[in-house]
Each structure stands twice: as C-alpha cells, then as structure tokens.
Amino acid sequence: MEEKRYNLLLGAVRALSAQLAMQIRANQILYLEDSVNMEKKPEQILKAVFGYDSFRPMQREVIQNVLDGRDTLAVMPTGGGKSLCYQIPALMFPGMTVVVSPLIALMQDQVSQMEAYGVPVAVINSSQDWNTYRKTRDEIQQGKIKLLYVSPEGLSSRKIQDLLHSEGVRVDCITIDEAHCISEWGHDFRPDYMEIAGIREQFRDAVCLALTATATKQVREDIISHLHMENPQVLISSFNRPNLHLEVRRKSNAFAQTRDYILERPDQSGIIYCFSRKQVDELTQALNDFGIRAINYHAGLSDEQRAANQNAFIQDKVNIIVATLAFGMGINKPDVRFVIHYNLPKSIEQYYQEIGRAGRDGLPGEALLLYTSADAYKIRYFFNGKENPENAERLLQGMLAYCESRTCRRHFLMAYFGEYYNPMSPGAVEASCCCDICENPNGAITKDSYGSKKTRSHEKQKISTPKTPAKTKKTPFDENDEEGQRIAQELRLWRRKTADEMNVPPYVIFGDKTLFDIAQKKPRSTRELLNCNGIGENKARSFGDQILRIVRG
C-alpha cells in the first residue's frame with residue numbers, strides 16, 4: 001500500500017515537473033518571439049540573445065548573405081563562431097532552418113546550448129523513441145521550432161522529408177555543417193553527404209549555407225558542385241588562431257613525454273589523439289595506473305560506453321580523454337586547453353581541425369605533436385584499401401613537410417590553406433612567438449633512424465621533454481584581486497552544481513571567458529550583468545539572481 005502511494009506521488013511530481021518545464025519553454029518562446037524578428041538587426045539579437053557585444057571576423061558578412069538569400073560557402077577556423085552564422089538568421093526568418101550535422105552528440109550539444117539561450121530548437125535522430133519524435137513533429141508542424149538538427153542520412157529519410165513537406169512547414173534555410181565531408185578530396189569524406197543535394201532541390205526557395213573549418217581550393221569546388229549552389233558567395237576567414245601555441249617534439253619515450261606534459265598542466269582539460277584503438281586503450285590504462293585519471297574513446301566501444309565517456313569529458317567529470325580520430329568533430333567544449341597528437345595525423349586538414357578543439361573560448365590553448373617518421377609507414381600500410389592512394393599520399397606528404405619544416409609553424413599552416421601570415425599585421429603581433437620554431441630559431445636538426453627530426457640539445461636525454469614552464473591558463477585580471485578570485489571560484493562551483501542539476505555541460509551555463517569577465521567586472525545589478533561577455537537576456541533572467549548573490553558575497 002505504501003509503495004503504491006509512493007509511486008502515485010512520484011508520478012504526480014514528475015507530471016508537475018514536465019508541465020513546469022513546458023511552461024518555462026513556452027514562456028521562453030513567447031519572450032524570444034517578442035524580442036526577435038526581421039525588423040531587428042543581427043547586432044541587436046547578438047547582444048539580446050547571446051550576450052556578445054560584437055561579431056567575430058566574417059560572421060556579420062556571412063549572416064547578411066544568408067539573410068539576403070544568397071547561397072554561401074563559409075570557411076572558418078574551428079572556434080571561429082560558425083554556429084552563429086545560421087543561428088541568428090534562423091531567429092530572424094519567419095520559417096525554420098534545417099541544420100545537417102554529422103554526429104548525434106554534436107546535435108545534442110548544440111540543442112542544449114540553444115535551449116539555454118531560450119531558442120525554440122529540436123533534433124530528430126535515430127536514437128529517439130516514438131513519443132519524443134511525435135512531440136517534435138507536432139511542434140514543427142505548429143511552427144514552434146526555429147532550428148531543426150538532423151543527420152545527413154536522417155535528412156534523406158522518407159519520414160523527415162514528409163515532415164518538411166507538411167502543410168504549414170516552411171524551410172527558409174538549409175545549413176550543412178562540416179561541409180568538407182561532401183568532398184572525396186576532403187579528410188573525412190562521408191557518402192551520406194552526397195544525398196543532401198537531392199533534398200536541397202526540393203526546397204529551391206531555401207538559402208543554402210555550407211560551413212567548414214578546413215577546405216582547400218579543390219574541396220571548396222567540390223562542395224559548391226555537389227550541393228548545386230547557385231552563384232554562391234565564397235567567404236574564407238583567416239586561418240590564424242593567435243591564442244594557439246604550436247609545437248612538434250621528436251617522439252622518444254611517448255608515454256613519459258605525454259605524462260610529464262599533463263602533470264605540468266594540472267586541472268586542465270585535454271584531448272590525446274592516437275592512431276589505433278589498441279593504442280588508445282593502452283595509453284588510457286597507463287595514465288590511470290600512474291594516477292592521472294583518463295577515459296578512452298574509439299569505435300570499438302559500445303554506443304552506450306562512447307556516449308558515457310564523451311559526456312564525462314564534456315561535463316568536466318574527467319579532464320583527459322584519449323581517442324582515435326572518431327572523437328571530436330563538432331564537439332563544442334570551449335575550455336579544452338591542450339591537444340596532444342600521440343601519432344602523426346594523416347593530413348594537415350585533419351591536424352588543423354583537431355588542434356582547433358583547444359582554446360575555442362579565446363583563452364590560451366596548446367597543440368603538441370609527438371613526431372617520428374616511422375608513423376608514416378603505419379599510415380601508408382592502409383593506403384591499399386583506399387580508392388585514391390595517390391591523394392592519401394599527397395595529404396601525408398603535406399603533414400610530413402609541416403613536421404620537418406624549420407619555418408614558423410603558423411606561417412606554414414596558413415600558407416597551406418592559401419593565406420599569407422604577416423606577424424606584424426593587426427591581430428598577429430600577440431602571436432609573433434607562436435610556436436617552438438619561433439621560440440628556438442637556432443635549434444639544429446638531425447635525422448633519427450627513420451629520417452625524423454630531433455634537436456641536438458636533447459640528443460643525450462632519455463626523454464626529450466623540455467621542462468619549460470607550463471602555459472597554464474590564468475585569470476585575465478589582477479592576481480592580487482582577492483575578491484575577483486573568490487567570485488571566480490564560487491562561480492565555478494555554482495556552475496558545476498547547476499550543470500549537474502540540469503544534466504548539461506558546465507559551458508552551457510556559461511564558459512570560462514564569461515566567468516572571468518563577471519569576476520573582473522563584479523556586476524551589482526541585472527543591467528550591469530548584461531554588460532558581461534556571454535550573458536544575454538534569457539541567461540540573465542534564468543541565472544541572474546544567483547550570479548549576483550555570489551558577486552555580492
């Protein structure tokens with residue numbers, strides 16, 4: 001009898017919670033509809049919804065092209081703010097924006113962030129049950145959804161096509177994220193992307209926006225051709241990431257090098273990329289045995305285990321994840337401070353995209369590559385199974401040239417993508433000492449037994465890891481500001497607790513850049529809080545009282 005009464009009470013509480021959540025969402029939508037429309041400028045929406053005072057380079061131009069209805073291909077570096085290029089137009093268009101994204105985890109991540117901003121957003125994927133899909137379908141047909149995330153294979157399914165052609169459903173924009181996947185010359189070609197053009201033909205009045213972080217001239221031409229883009233505007237942002245330090249070290253004792261690197265950066269979040277599943281598991285175990293908590297990620301794990309490990313990393317429950325290249329595409333965790341390549345990447349494109357996962361919040365990030373040309377033999381072993389081994393070799397040669405170059409690594413990367421790097425140009429001065437070459441221009445290079453490079457000054461060391469001071473992330477305000485330090489620490493603890501309660505990553509509440517800005521400015525009112533980076537009107541309404549309580553002490 002008691003158990004029955006308990007179950008009835010539990011059911012009533014859950015029903016009330018669900019009803020409250022729906023009411024909150026409805027209020028957010030009404031509030032958003034009242035504050036966002038085509039009459040408002042993108043700058044006003046940027047501030048009111050997302051809490052930013054200004055656009056990053058090229059964002060405004062891409063947004064205007066989309067609003068003007070012109071097909072656009074935008075090549076922007078990882079962390080350059082590609083998402084806002086379709087999210088802001090989506091809030092201004094009368095209809096819906098469909099976003100094609102390659103991974104379920106990426107879609108869920110984007111949805112969580114949009115919900116935190118109060119944006120009416122939905123996702124349809126293969127993991128959903130029927131009731132969840134039916135609820136989403138009804139909201140779309142009622143015109144309540146502004147952003148819909150789907151996978152490329154999902155977009156081509158009859159279920160979603162019928163839904164998009166439903167009476168009352170208007171599609172104003174089709175956005176293809178990670179658009180390089182459509183090109184066989186890209187580093188991550190996916191056949192499912194080839195089906196997008198056929199779907200796009202069904203919505204000729206919808207503007208098409210293709211986004212990617214890495215695309216050579218040939219890949220860009222492929223994207224335009226395969227998507228049937230009409231007279232598109234091609235916009236290419238600078239590939240310069242001035243906050244990212246680049247380093248290549250000769251691989252000697254790879255585990256010891258990696259271990260010491262992590263120990264020099266306590267409490268920092270990092271990704272380690274390995275060549276094989278076996279190597280991922282072995283390195284993960286070795287780190288844990290040494291006392292460094294790490295988790296693994298690769299295609300050999302079950303879907304449930306991969307999802308659990310990825311969530312643990314994204315939600316800051318573990319700082320280090322060891323992975324194959326199966327991990328990370330589109331992962332929007334902004335506070336990854338370093339990326340280590342335990343093995344040689346297969347191409348510059350792959351390398352550039354993966355290191356771009358460090359420092360997405362604009363704070364300092366680091367990229368370390370442990371290099372021996374012996375890794376190239378392992379990569380070539382798999383060339384026979386490729387349809388185009390010549391292209392694979394061409395991509396690998398670019399990576400080898402980068403590792404063995406004695407010119408500025410930033411200059412090399414930017415030149416590879418067709419951009420000239422001038423360290424004295426505006427915005428580049430801060431990056432004038434941007435890599436190991438710039439910091440040690442006189443380092444003599446010799447060849448190891450495989451033809452790889454090493455620095456003579458470290459030849460006699462068993463481990464070639466230089467004991468340089470770690471580039472640890474610092475608070476961007478006066479270290480003598482004890483009140484600022486207190487606020488930052490208490491905000492971090494509150495953010496962790498709130499994120500756990502909402503079952504979202506901490507950065508969905510707000511990122512470190514916002515945290516530090518609040519601690520520095522010490523707002524005393526909602527108006528002052530809205531002047532802090534990343535605090536829009538909806539976040540001020542949702543979290544403002546709690547934040548201000550912490551600031552006031």
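The values are calculated or read from the model by the stated rules, or taken from the named source; none is laboratory data. Treat the numbers as computed from the prediction; the structure is a model and nothing was measured. A quick note on method: Cβ atoms are made from the backbone with ideal geometry, for glycine too, and the neighbour counts reach across all protein chains shown. Only protein heavy atoms, including side chains, enter the accessible area calculation; ligands, DNA and RNA are left aside. Shrake-Rupley method; radii C 1.70, N 1.55, O 1.52, S 1.80 Å.
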Of the residues in region 171-213 that are more than 21 Å from GLN110 (Cβ to Cβ) and charged (D, E, K, R), the one that is modelled with the highest pLDDT is ASP205
Flagged in region 248-277 as under 26 Å from the mean Cα position of the chain (by Cα) and more than 24 Å from ASP316 (Cα to Cα), in numbering order, are VAL248, ARG249, PHE275, SER276
Practice problem: State yes or no: is GLY69 within 15 Å of the chain's Cα centre (by Cα) and either of a type in the set (D, E, K, R) or in a loop (DSSP other than H, G, I, E, B) (or both)? | Solution: no
All-but-one check, GLU354 against (1) within 20 Å of ASN240 (Cα to Cα); (2) at pLDDT below 90; (3) in a helix (DSSP H, G or I), failing number (2)
The residue from ILE340, ILE348, ILE314 that alone is touching a strand residue (DSSP E or B) at 6+ places or on another chain (Cβ under 6 Å) and among the aliphatic types (A, V, I, L, M) is ILE340
Filter region 135-153 for residues that are touching a residue at least 24 places away in the same chain (Cβ under 8 Å) and polar (S, T, N, Q); the one that is farthest from PRO94 (Cα to Cα) is SER151
Checking GLY359, GLY300 in turn, the sole residue that is open to solvent by 10 Å² or more (accessible area, probe 1.4 Å), part of a loop (DSSP other than H, G, I, E, B) and small (Gly, Ala, Ser) turns out to be GLY300
Of (1) surrounded by 23 or more Cβ atoms within 10 Å (Cβ to Cβ); (2) modelled with pLDDT of 90 or more; (3) under 25 Å from ASN296 (Cβ atoms), ARG410 satisfies every one except (3)
In region 96-131, anything part of a loop (DSSP other than H, G, I, E, B), open to solvent by 10 Å² or more (accessible area, probe 1.4 Å) and touching a residue at least 12 places away in the same chain (Cβ under 8 Å) is listed as PRO102, LEU103, TYR117, ASN125, SER126, SER127
In region 132-180, anything hydrophobic (A, V, I, L, M, F, W, C), in contact with a Ser or Thr (Cβ under 8 Å, 6 or more places away or on another chain) and not in a strand (DSSP E or B) is listed as ILE140, ILE145, ALA179
All-but-one check, GLY534 against (1) assigned to a helix (DSSP H, G or I); (2) open to solvent by less than 10 Å² (accessible area, probe 1.4 Å), failing number (1)
For region 198-253, the count of residues that are in contact with a His (Cβ under 6 Å, 6 or more places away or on another chain) and closer than 27 Å to ARG170 by Cβ equals 1
If we keep only residues of region 132-154 that are among the charged types (D, E, K, R) and under 15 Å from HIS165 (Cα atoms), then the residue least open to solvent (accessible area, probe 1.4 Å) is GLU139
